[in-house]
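The next block holds one structure in the form of structure tokens; read it before the comments.
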Amino acid sequence: MSRPLLSLYRLDRNKLQEVSAQLRDLLARDDRSGLSALLGLGEELARRLAAERWAVGLMLRPDEDAQASPIFASLRRVVKRAALEHVWTSESPALEGRLRAYDVLREEQDIAEAIDRLLDAVRLPWFLQRPGGTGGWLDDDQRETLAQRMEALGPALPDEINAFVEALGGMDGAALVHDRL
Amino acid sequence: MLLFTLAGKVPLVGFFDRAKAVFGLQKDSPTPGSGPAPRAERSDGRQNKAGRPPLPEVSGAASATIEDVLVARAAGSFDEARAILAAIDKGQGLRTVLRAAAALEARDEDEVTTLLPLVRKDSPAWQLRLQVAAALENGPGREDLVARGVKLGAPAWSIAWLRALSSNDDEQRAGLVDLLFEDAALARTVAARDLGFADIKVDNDAIRRYTAFAHGRDVIRRFGAAQVVALLARVDGGSP
């Protein structure tokens, strides 16, 4: 089984909040048809949603649940389309390990903390968290500061990290990292 | 351990008989040499202000638990339950709260007065209010406790959890959705454990938080939420 690759996305936080609020409202009102429309569900998936006691019950199921899995996939697709723009994908499966453990980065506390935030999936909305997956985000200022601080260490860093720094510094806005979107 | 010593000598005696022996509630005196004798009544034989004989003080009862208290209360042995609480109380937390509530129920003002400052110090203060609210049916009493919990800084997830436990379907669903967005791992755990959703798995990331809150709620429910409500009215109302 191959290790997943980290991708970098430009995050539109307002759009993400908008989609999230819409989803929350539909679930709270248990508006199945509204939810089916938001997620662009086909007839079969819409029927599956309608068969539940409450739509939120389906959303609480495990990611790998056969009934819920295609609905989660639709939800992530909608969120990606609305709020994320793909910037870059690493070619190296070792990037996450390097970011988490490379001693030159770990010795710089501010850099290490920012990287940990960027790789902390708990900070993502529940529908972007995936079991065993890596993900996280930084706002525009934090992203720019991290890119500059890491760039200054460039000669001491391995190629896969420098490629990441180049992508991080070359984009604008908030950054979201994920390996399973 | 005295409980085990007694159990070893009298294997057919039930728990309550052993507990009574430990707590000095038996008519017969304990057998000399069977372990450290429990300290019985106050040595000066004084009665409290209400003319009530003091509860027996005990030592060596560390192996008793809140479960023993609940079992004793369920059997109608309220004095025995109070004696166990007095023995296992460490001066903070749920045991102190229950001890104070039981003292209030028994109108033992001396003990209530002694314990109230400890209950007031209980931290986080919002948690007890919400645990009691969770042990109550929907109604003004529950809403009042939630409002007090919010005032004391109850986090959004705790309020969402409480709503998710409502007996009203719409309220329960809205609470579950709030909880999903506040703390998805806890939402899954509450849905699986409290709401009986068969296809949802308990989330191990949330199980510690779940049990810390739910244990208190369940114990209070079995103990008698009304007694703890009365105690909190004293605590929050500031009456002497």
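The set of residues in the stretch A:90-141 being surrounded by fewer than 19 Cβ atoms within 10 Å (Cβ to Cβ) and acidic (Asp, Glu) consists of A:GLU91, A:ASP103, A:GLU107, A:GLU108, A:ASP110, A:GLU113, A:ASP116, A:ASP120, A:ASP139, A:ASP140, A:ASP141. Note on the stretch B:97-117: residues that are part of a helix (DSSP H, G or I), out of contact with any Asp or Glu (no Cβ under 9 Å at 6 or more places or on another chain) and over 13 Å from B:VAL229 (Cα atoms) total 8. Applying the condition of being in a loop (DSSP other than H, G, I, E, B) and in contact (Cβ under 8 Å) with a residue 24 or more places away in the chain to the stretch A:61-70 and asking which residue is nearest to the other protein chains (Cβ to nearest Cβ) yields A:PRO62.
Is there a residue in the stretch B:124-142 that is out of contact with any Asp or Glu (no Cβ under 7 Å at 6 or more places or on another chain), of a type in the set (Gly, Ala, Ser) and more than 30 Å from B:ALA187 (Cβ to Cβ)? Within the stretch B:124-142, none of the residues are out of contact with any Asp or Glu (no Cβ under 7 Å at 6 or more places or on another chain), of a type in the set (Gly, Ala, Ser) and more than 30 Å from B:ALA187 (Cβ to Cβ). Among the residues of the stretch A:124-148, those identified as assigned to a loop (DSSP other than H, G, I, E, B) and in contact (Cβ under 8 Å) with a residue 60 or more places away in the chain are A:PRO125, A:ARG130, A:PRO131, A:GLY133, A:THR134, A:ASP139. Among the criteria (1) surrounded by 13 or more Cβ atoms within 10 Å (Cβ to Cβ); (2) farther than 30 Å from A:SER36 by Cβ; (3) not hydrophobic (A, V, I, L, M, F, W, C), the one A:ARG76 does not fulfil is (2). Condition check: away from chain B (no Cβ under 12 Å) and aliphatic (A, V, I, L, M). Does A:LEU58 satisfy that? Here the answer is no, as A:LEU58 does not meet what is asked.
The condition of being under 23 Å from A:GLU18 (Cβ atoms), within 19 Å of the chain's Cα centre (by Cα) and not assigned by TED's automatic domain parsing to the domain that holds A:ARG76 holds for only one of A:LEU119, A:LEU146, A:LEU124, that being A:LEU124.
Of everything in the stretch A:1-38, what is of a type in the set (D, E, K, R), under 29 Å from A:GLY97 (Cβ atoms) and within 14 Å of the chain's Cα centre (by Cα)? Give them in sequence order. Once the filter is applied, which keeps residues that are of a type in the set (D, E, K, R), under 29 Å from A:GLY97 (Cβ atoms) and within 14 Å of the chain's Cα centre (by Cα), the stretch A:1-38 yields A:ARG10, A:ARG13. Only one of the listed residues (A:ALA51, A:ALA94, A:ALA73, A:ALA83) is within 20 Å of B:ASP199 (Cα to Cα), more than 14 Å from chain B (Cβ to nearest Cβ) and of a type in the set (A, V, I, L, M). That residue is A:ALA73.
The helices (runs of 4 or more DSSP H) found entirely in the stretch B:127-208 that carry 3 or more residues being surrounded by fewer than 17 Cβ atoms within 10 Å (Cβ to Cβ) and more than 11 Å from chain A (Cβ to nearest Cβ) are B:140-151.
Within the stretch B:194-218, the set of residues being touching a residue at least 40 places away in the same chain (Cβ under 8 Å) and touching a helix residue (DSSP H, G or I) at 6+ places or on another chain (Cβ under 6 Å) comprises B:GLY216, B:ARG217. Do you know which of the residues in the stretch A:7-44 that are within 24 Å of A:ALA121 (Cα to Cα) and small (Gly, Ala, Ser) is farthest from the other protein chains (Cβ to nearest Cβ)? If we take residues in the stretch A:7-44 being within 24 Å of A:ALA121 (Cα to Cα) and small (Gly, Ala, Ser), then A:SER7 is farthest from the other protein chains (Cβ to nearest Cβ).
The requirement of being touching a Phe, Trp or Tyr at 6+ places or on another chain (Cβ under 9 Å) and not assigned by TED's automatic domain parsing to the domain that holds A:MET150 is satisfied by A:LEU60.
The values are calculated or read from the model by the stated rules, or taken from the named source; none is laboratory data. Source: prediction; values computed, not measured. Neighbour counts are summed over all protein chains in view; Cβ atoms, including those assigned to glycine, are modelled from backbone coordinates with ideal geometry.
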